[in-house]
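Everything below concerns the one structure shown next.
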């Protein structure tokens with residue numbers, strides 16, 4: 001089946017409205033202020049995106065309080081959030097939503113659609129290639145009344161600091177733990193990307209509810225992580241596009257040697273090459289979004305391809321943005337560093353490009369030496 | 001009558017056509033009839049081989065004909081005609097020129113070549129020195145063209161020539177359709193690094209062309225040529241292929257069937273190339289979906305740039321993967337290939353031929369300038385050659 005890799009008119013309209021919203025509500029100076037603050041994210045912006053506009057639950061069915069759209073629309077929102085390095089737990093909530101959809105947990109989905117943050121309790125680098133259900137760290141025991149208790153730690157978890165519910169893989173099963181449960185603590189971590197800060201979770205006899213076990217849990221977690229890898233590519237695309245656009249505009253106005261520096265071939269050719277990479281990243285990211293949106297049998301390969309390609313493109317775009325801005329690009333007072341940090345953090349999220357290439361060795365039948 | 005715009009409409013039309021025409025009959029008559037039925041290139045207008053349908057539906061028609069075992073128009077042999085001459089004639093030609101040239105071009109009865117590059121005008125194509133001088137109601141052409149593939153088989157050539165040396169260099173050009181059988185046209189094979197003579201030098205000595213063979217207005221040649229160049233970049237980089245359908249397929253088949261050649265470092269290299277090839281293939285799919293209506297945009301340049309770099313790296317990796325075996329060349333005969341085939345011979349041929357990909361159809365360096373200035377809007381480098389008359393420029 002050939003997937004349509006273009007944007008629909010509705011998606012373009014969605015993009016326009018999200019961009020206008022973010023231009024107004026998340027200018028970079030505010031993003032920096034949030035990143036510097038002890039707050040994990042921009043609570044006002046999250047309220048706008050979730051409870052007020054429903055953008056955080058686009059792919060949740062309408063009868064569960066969502067918008068009944070698809071992950072292809074979610075991906076368009078993520079492009080714009082990447083473009084703004086917006087400090088909101090959108091991606092993690094989208095991934096948790098996919099897991100809940102797979103498990104058919106209507107109650108938590110209704111909470112999510114109402115604006116609650118639900119987070120998957122896995123280290124941020126765990127992607128579809130890893131067996132996330134069997135990661136060491138959390139043990140399952142049983143309370144006197146037979147209900148499960150969780151003990152252990154999960155480090156470097158993203159989008160979890162504001163979560164009301166944590167979805168915790170442990171012992172081959174999936175559990176829900178309320179964030180205010182006795183015995184659960186979340187410790188913020190000074191993170192490379194403070195627009196999407198990490199935290200460490202520790203559980204000491206934390207009461208939990210079993211969501212699913214065995215194959216059903218494994219399949220749900222896997223589908224959610226495939227969706228995460230696919231969706232992240234759109235965030236990386238939006239980030240890279242901002243870096244290219246901003247650098248191009250700067251090089252038109254910055255004069256040295258009596259000329260705009262953008263007229264020097266040494267810089268023009270690098271930006272042209274970056275644009276060529278972006279044209280391809282857009283096709284790859286749209287392909288991945290379309291594949292997970294329709295449940296294409298190729299979705300796993302599409303997501304691995306997207307991360308193998310788009311992660312490095314975003315990092316390169318951010319690095320070129322810093323370098324071509326020269327001195328100003330290396331200062332705290334210019335937004336370039338926010339994009340650089342987000343790009344590198346995103347390159348690790350859901351597995352590095354190298355992890356995804358290794359996955360492709362199996363998916364594309366290219367066996368190792 | 002309403003235009004057929006859906007795939008189903010087109011399939012019905014193809015089936016109706018096939019019911020009335022024998023696929024095993026005369027090839028030329030079959031192709032002519034297919035053109036006249038509007039099933040040649042469906043996005044072309046009525047009466048010119050098309051139906052004004054979305055371009056994206058062309059594969060529906062092609063696949064239906066192929067499945068029925070219908071003869072094709074040997075597209076690899078007439079790539080210059082299909083990809084470059086035809087869209088230029090369609091856009092800039094008179095009604096009479098469109099009617100005269102497009103049908104035999106598409107049916108492959110008339111092969112086309114491109115008379116653009118010259119020994120003194122490569123990347124700086126607007127500097128061409130071949131002269132076209134008024135002669136009664138026609139023109140006399142004198143000059144030398146180079147890097148002309150298929151000239152030895154061509155019936156016609158798209159020709160960029162200088163009609164006004166006293167004008168600025170972009171303003172003094174006019175575009176012609178050159179009769180390759182006219183007296184004064186001499187085609188000499190030009191041997192390349194691959195050993196074969198895929199290209200030619202073409203010497204034009206007092207070649208007389210009727211004014212009806214001028215395409216576009218006198219002095220408008222550069223604007224017409226830009227239509228050709230935009231389409232050329234799409235034609236070179238944009239072939240529709242299945243996954244692993246291009247040069248990457250050759251490399252990964254070797255990887256799969258020759259376990260003794262594998263090393264961990266080459267494994268990652270093969271995976272990286274596979275990712276790049278698949279990304280570029282998807283980019284081509286997206287580009288073609290966008291092309292459904294309208295002219296190719298600048299993304300064609302992205303395809304061409306990425307394609308050239310990729311084929312060079314894939315073929316280079318293939319040679320190294322094979323080790324000493326990869327150094328064995330099939331032969332150094334000066335063959336004259338009948339159609340363009342970048343991957344049909346051995347690994348050393350592929351590696352050598354790929355070196356041409358970043359030169360032909362605009363060097364990668366010129367394409368980067370075009371992307372930087374026309375797509376990204378970056379300022380041009382200071383130039384010395386735009387204000388003065390062409391004849392006064394140093395060369």
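Couple of notes before you dig in:
- Note on the stretch A:312-324: residues that are in contact (Cβ under 8 Å) with a residue 40 or more places away in the chain and either surrounded by fewer than 24 Cβ atoms within 10 Å (Cβ to Cβ) or within 11 Å of chain B (Cβ to nearest Cβ) (or both) total 5.
- Residue check for residue B:86: touching a helix residue (DSSP H, G or I) at 6+ places or on another chain (Cβ under 8 Å), surrounded by fewer than 20 Cβ atoms within 10 Å (Cβ to Cβ) and without any contact (Cβ under 8 Å) to a residue 60 or more places away in the chain: no
- The stretch B:369-389, residues that are within 13 Å of another protein chain (Cβ to nearest Cβ) and without any contact (Cβ under 8 Å) to a residue 40 or more places away in the chain: B:369, B:372, B:373, B:376, B:377, B:378, B:379, B:380, B:381, B:382, B:383
Matching residues to (1) over 19 Å from the mean Cα position of the chain (by Cα); (2) closer than 29 Å to residue A:102 by Cβ; (3) within 13 Å of another protein chain (Cβ to nearest Cβ):
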| site | (1), (2), (3) |
| --- | --- |
| A:284 | no, yes, yes |
| A:327 | yes, no, no |
| A:338 | no, no, no |
| A:345 | no, yes, no |
| A:349 | no, yes, no |
| A:367 | yes, no, yes |
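- Filter result for residue B:300 (in contact (Cβ under 8 Å) with a residue 24 or more places away in the chain, under 30 Å from residue A:259 (Cα atoms), outside the structural domain of residue B:127 (by TED's automatic domain parsing) and surrounded by 21 or more Cβ atoms within 10 Å (Cβ to Cβ)): yes
- Residue match in the stretch B:72-79 (condition: surrounded by fewer than 16 Cβ atoms within 10 Å (Cβ to Cβ) and in contact with a strand residue (DSSP E or B) (Cβ under 8 Å, 6 or more places away or on another chain)): no
- When the stretch B:48-71 is filtered for residues that are free of Cβ contacts under 8 Å to residues at least 40 places away in the same chain and exposed (fewer than 14 other Cβ atoms within 10 Å of the Cβ), the ones remaining, listed by number, are B:63, B:66, B:67.
- For the stretch A:261-273, the condition holds for no residue, the condition being that it is under 18 Å from residue B:286 (Cα atoms), part of a helix (DSSP H, G or I) and touching a helix residue (DSSP H, G or I) at 6+ places or on another chain (Cβ under 6 Å).
Table: residues versus (1) out of contact with any strand residue (DSSP E or B) (no Cβ under 7 Å at 6 or more places or on another chain); (2) in a loop (DSSP other than H, G, I, E, B).
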position: B:100; (1), (2): yes, no
position: B:109; (1), (2): yes, yes
position: B:129; (1), (2): no, yes
position: B:132; (1), (2): no, no
position: B:141; (1), (2): no, no
position: B:144; (1), (2): no, no
position: B:148; (1), (2): no, yes
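- Check on residue A:37, free of Cβ contacts under 8 Å to residues at least 12 places away in the same chain and not assigned by TED's automatic domain parsing to the domain that holds residue A:279: yes
- Candidates A:293, A:317, A:308, filtered to the one that is in a helix (DSSP H, G or I), in contact with a helix residue (DSSP H, G or I) (Cβ under 6 Å, 6 or more places away or on another chain) and under 23 Å from residue A:195 (Cβ atoms): A:317
The values are calculated or read from the model by the stated rules, or taken from the named source; none is laboratory data. Just so you know, these numbers come straight off a predicted model, no measurement behind them. As a convention, Cβ positions derive from the backbone with ideal geometry for all residues, glycine included, and neighbour counts pool all protein chains shown.
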